[in-house]
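Enquirer: Please find one structure pasted underneath; my questions will follow.
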Amino acid sequence: MKETVSIGEAAIILDVSTNTLRKYDKLGIVPCSRGANGYRYFNVSDLFTFKSEMRKFKWKGQALGLILFRLKQQKEKAGTK
């Protein structure tokens with residue numbers, strides 16, 4: 001399996017739109033790298049970690065806004081903005 005995927009492939013993995021992924025990137029929740037062409041590339045491991053974290057919070061019945069806020073806090077505490 002590839003280490004990085006395009007924004008379209010990442011959107012399929014997370015079952016969200018590409019616009020949603022762009023917002024997550026802007027918020028620093030799902031980081032990406034940029035290719036020489038300016039396209040976003042997402043680390044597959046980061047995507048599955050994010051998906052797992054989202055499931056945990058959703059299982060607890062938390063609202064999406066709160067979930068994203070908590071995930072951002074976790075990233076900032078870990079120093080991986």
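Just so you know, all these numbers are worked out from the coordinates, no wet-lab data involved. Being a predicted model, the structure only gives us computed values, none of them experimental. FYI the Cβ positions are ideal-geometry reconstructions off the backbone, even for glycines, and counts take in every protein chain you see.
Enquirer: With each pseudo-label sitting 7 Å past Cα toward Cβ, what's the Lys2-Tyr39 distance in nm, one decimal?
Expert: Here the answer is 0.7 nm between the modelled labels.
Enquirer: Enumerate by residue number the trypsin sites (Lys or Arg not before Pro) in region 1-51 meeting two conditions: DSSP loop (anything except H, G, I, E, B), and at most 13 other Cβ atoms within 10 Å of the site's Cβ.
Expert: When the trypsin sites (Lys or Arg not before Pro) of region 1-51 are filtered for loop state and at most 13 Cβ neighbours within 10 Å, Lys2 remain.
Enquirer: Could you list the residues of region 2-41 with an amide nitrogen less than 13 Å from a label point located 7 Å from the Cα of Thr49 in the Cα-to-C-beta direction?
Expert: Inside the label zone: 29-32.
Enquirer: Now a separate question. Mind giving me the nanometre distance, one decimal, between the label points for Glu9 and Ala78, set 7 Å out from Cα along Cα→Cβ?
Expert: Distance between the two pseudo-spin positions: 2.1 nm.
Enquirer: Okay, next question. Could you run the Karplus curve 6.51 cos²θ - 1.76 cosθ + 1.60 with θ = phi - 60° over region 34-44 and give me ³J(HN,Hα) per residue in whole Hz, x for Gly and Pro?
Expert: 10, x, 4, 7, x, 6, 7, 10, 10, 6, 4
Enquirer: For Thr4, which sequence-distant residues (separation of 5 or more, or a different chain) have an amide H within less than 5 Å of its own amide H, given hydrogens modelled in the peptide plane?
Expert: The list, which skips near neighbours in sequence, is Val44.
Enquirer: Could you pull out the GluC sites (Glu not before Pro) across region 1-65 that fall in loop regions by DSSP (anything but H, G, I, E, B) with no more than 16 other Cβ atoms inside 10 Å?
Expert: Here the sparse-neighbourhood loop sites are Glu3.
Enquirer: Hey, what do the phi angles of region 24-31 turn into as Karplus ³J(HN,Hα) couplings, whole Hz, using 6.51/-1.76/1.60 and θ = phi - 60°, x for Gly and Pro?
Expert: 4, 5, 4, 6, x, 7, 10, x
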